[in-house]
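Colleague: Below you'll find the structure I mean.
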Amino acid sequence: MPPAPYTQAMHRAAETALAAYDLPRPATVAPIRLLNNAVYEVTAADGRRYALRVH
């Protein structure tokens, strides 16, 4: 697992990126993979799921 400052920064970036998408709110992000890129599962309020990659 990468260091805590990296994972926290990537999580904040993922949550910030959600604002650019027209998803039913609230939407949640959960880490799938945290290496060179961070990949998150996004679950919208209506139950739809997406993948979000932060680089």
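Colleague: Quick check: net charge around THR43, other residues with Cβ under 12 Å of its Cβ, Lys/Arg +1 and Asp/Glu -1?
Modeller: Values: positive: ARG25, ARG48, ARG49; negative: GLU41, ASP46.
Once all neighbours under 12 Å are counted, the net charge is +1.
Colleague: Right, another one. How large is ³J(HN,Hα), in whole Hz, for each residue of region 37-52 in order, when computed from phi with the Karplus curve 6.51 cos²θ - 1.76 cosθ + 1.60 and θ = phi - 60°, using x for Gly and Pro?
Modeller: 10, 9, 10, 10, 8, 10, 10, 7, 4, 8, x, 5, 10, 9, 10, 10
Colleague: Averaged per residue, what accessible surface does the chain expose to a 1.4 Å probe, in Å²?
Modeller: Accessible area per residue: 71 Å².
Colleague: Measure nothing but the geometry: give the 0 to 90° angle between the long axis through the Cα atoms of 4-17 and the longest principal axis through the Cα atoms of the chain, rounded to 10°.
Modeller: In the chain, helix 4-17 runs at an angle near 30 degrees to the longest axis.
Colleague: Could you please put HIS11, HIS55 in sequence from largest to smallest accessible area, using a 1.4 Å probe?
Modeller: Working: HIS11 55, HIS55 170 Å².
Greatest to least solvent exposure: HIS55, HIS11.
Colleague: If you roll a 1.4 Å probe over the chain with all protein chains in place, what percent of the accessible area is carbon or sulfur?
Modeller: Working: 2190 of 3880 Å².
Heavy-atom surface of the chain belonging to carbon and sulfur, 1.4 Å probe: 57 percent.
Colleague: Mind grabbing the accessible area of TYR6 for me, 1.4 Å probe, Å², rounded to tens?
Modeller: Counting only protein heavy atoms, the figure is 60 Å².
Colleague: Sticking with this structure for a sec: Which values of log₁₀ I(q)/I(0), to two decimal places, follow from the Debye formula for the chain at q = 0.20, 0.22, 0.28, 0.30 Å⁻¹ with a uniform point scatterer at every Cα?
Modeller: Result of the Debye calculation: -0.65, -0.76, -1.12, -1.24.
The values are calculated or read from the model by the stated rules, or taken from the named source; none is laboratory data. Worth saying up front: this structure is predicted, and the values here are computed from it rather than measured. Positions of Cβ are generated from backbone atoms using ideal geometry, with glycine treated the same way; all protein chains shown enter the neighbour counts. SASA here: full protein model, heavy atoms, side chains in, ligands and nucleic acids out. Shrake-Rupley method; radii C 1.70, N 1.55, O 1.52, S 1.80 Å.
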